[in-house]
Amino acid sequence: VPHGVVNDRWGSTTHADYKTSEYQFMADNEDGGAWENCRGIGLSFGYNQVESEIHSLSTESALRHFLDIVSRGGNFLLNVGPTASGEIPEIQKKVLRGLGDWMAINNEGVYGTRAVADIAPSDTPWVRWVKKGERVFAYIDAVGAIEIEVPERVKKLSKTRILGGSAIEVKSAGNKISMTVPAPKVAGPTVIEFSK
C-alpha cells in the first residue's frame, strides 16, 4: 500500500510509522512523535451485551479524552462494537451523535491544529490548548467566571471569540486572564479562539 501507514502493533522491533496507546495503557508511546490513542466507547472493542452506560464513555467524557489527546499532539481512534446484525447499540450511538453535534460547531478548533508546548493544561478549571498558525484555541470545560494562567503571547492576542458564537470579553491581570464562559450550545467543552 504505497500511501498507507503502519502502526506499531507488530512489535517494537519492526517498522512503524506511528506509535499507539490503548485506553490508559502504553502511555509511554505518547512521546511527542506520531502517536494515536485507541479505545472503545465501552470497555470492549467488540459488542458486549452486558455493557451499560456505567461501562461506557458519555459524550462529555469522550470529548475530554479526545481533546486531551489532540492538545498533546496525538490522534484518536474511537471504536464502536456493532451487534451480530451490524447495528451500533444505542448507548454508543448517543456518544457518536454527541461528538458529531460538538464537532459541527467546533471543528475549526480541532482540524489542522497542533500542540502548544508553552501553555500548561489545567484541571481546575479543565482547560487544554492547541494552535493553528497564529491562532490559539482553548478547550474549556467550565461555565461561569474562570481564571487561567497564560504566557504573555496569548495575552497579546486581542481578538477572542467562542466558536459557533460571538466575541467574549477577556480581562488580563498579571500572568492570568479571566472571562465568564456561558453555557455551551451542545454538551462538551467550549472552544475559545484567540487571534490578532
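Which of 156/185; 171/196; 131/196; 131/155; 93/131 have a Cα-Cα distance over 23 Å?
On the way: 156/185 28 Å; 171/196 16 Å; 131/196 13 Å; 131/155 14 Å; 93/131 30 Å.
Long pairs (Cα-Cα over 23 Å): 156/185; 93/131.
In the chain, if the dipole is taken from +1 on Lys/Arg beta carbons and -1 on Asp/Glu beta carbons about the Cα centre, which of 158, 98, 20 is farthest to the positive end?
Of the candidates, 158 comes out farthest on the positive side.
Whole-Hz ³J(HN,Hα) for each residue in the stretch 48-58, computed from phi via Karplus 6.51 cos²θ - 1.76 cosθ + 1.60 with θ = phi - 60°, x for glycine and proline: what do you get?
My calculation for the stretch 48-58 gives 10, 5, 8, 6, 10, 4, 5, 9, 10, 5, 8 Hz in order.
Using the alpha-carbon centroid of each, what span in Å lies between the stretch 3-30 and the stretch 31-59?
So the two Cα centres are separated by 17 Å.
Label the stretch 52-196 by shape, choosing from rounded, prolate and oblate, from the square roots a ≥ b ≥ c of the eigenvalues of the Cα gyration tensor; if a/c is under 1.5 it is rounded, and otherwise prolate applies when a/b is larger than b/c, oblate when it is not.
Judged from the Cα gyration tensor, the stretch 52-196 comes out prolate (a/c at least 1.5, a/b above b/c).
Subtract the Cα-Cα distance of residue 22 and residue 84 from 0.36 nm times their separation in residues, and report this length gain in nm to one decimal.
My answer for the length gained is 19.9 nm.
Does the stretch 126-170 come out rounded, prolate or oblate, given a ≥ b ≥ c as the square roots of the eigenvalues of its C-alpha gyration tensor, rounded meaning a/c under 1.5 and, failing that, prolate meaning a/b above b/c?
rounded
Binned at 5 Å from 0, what are the whole-percent values of the Cα-Cα distance distribution for the stretch 1-82, short to long?
Computed distribution, short to long bins: 3, 14, 22, 21, 17, 13, 7, 2, 0.
Answer rounded, prolate or oblate for the stretch 112-196, using the Cα gyration tensor with square roots of eigenvalues a ≥ b ≥ c: rounded when a/c is under 1.5, else prolate when a/b is larger than b/c, else oblate.
Rounded.
By how many degrees, between 0 and 90 and to the nearest 10, does the Cα long axis of helix 59-71 differ from the longest principal axis of the chain?
With both axes taken from Cα atoms, the answer is about 70 degrees.
Values quoted throughout were computed directly from the atomic coordinates according to the rules given, and no laboratory measurement underlies them. Please read these numbers as outputs of a predicted model, since none were measured by experiment. In this analysis, Cβ positions are derived from the backbone assuming ideal geometry, glycine residues included, and neighbour counts consider all displayed protein chains.
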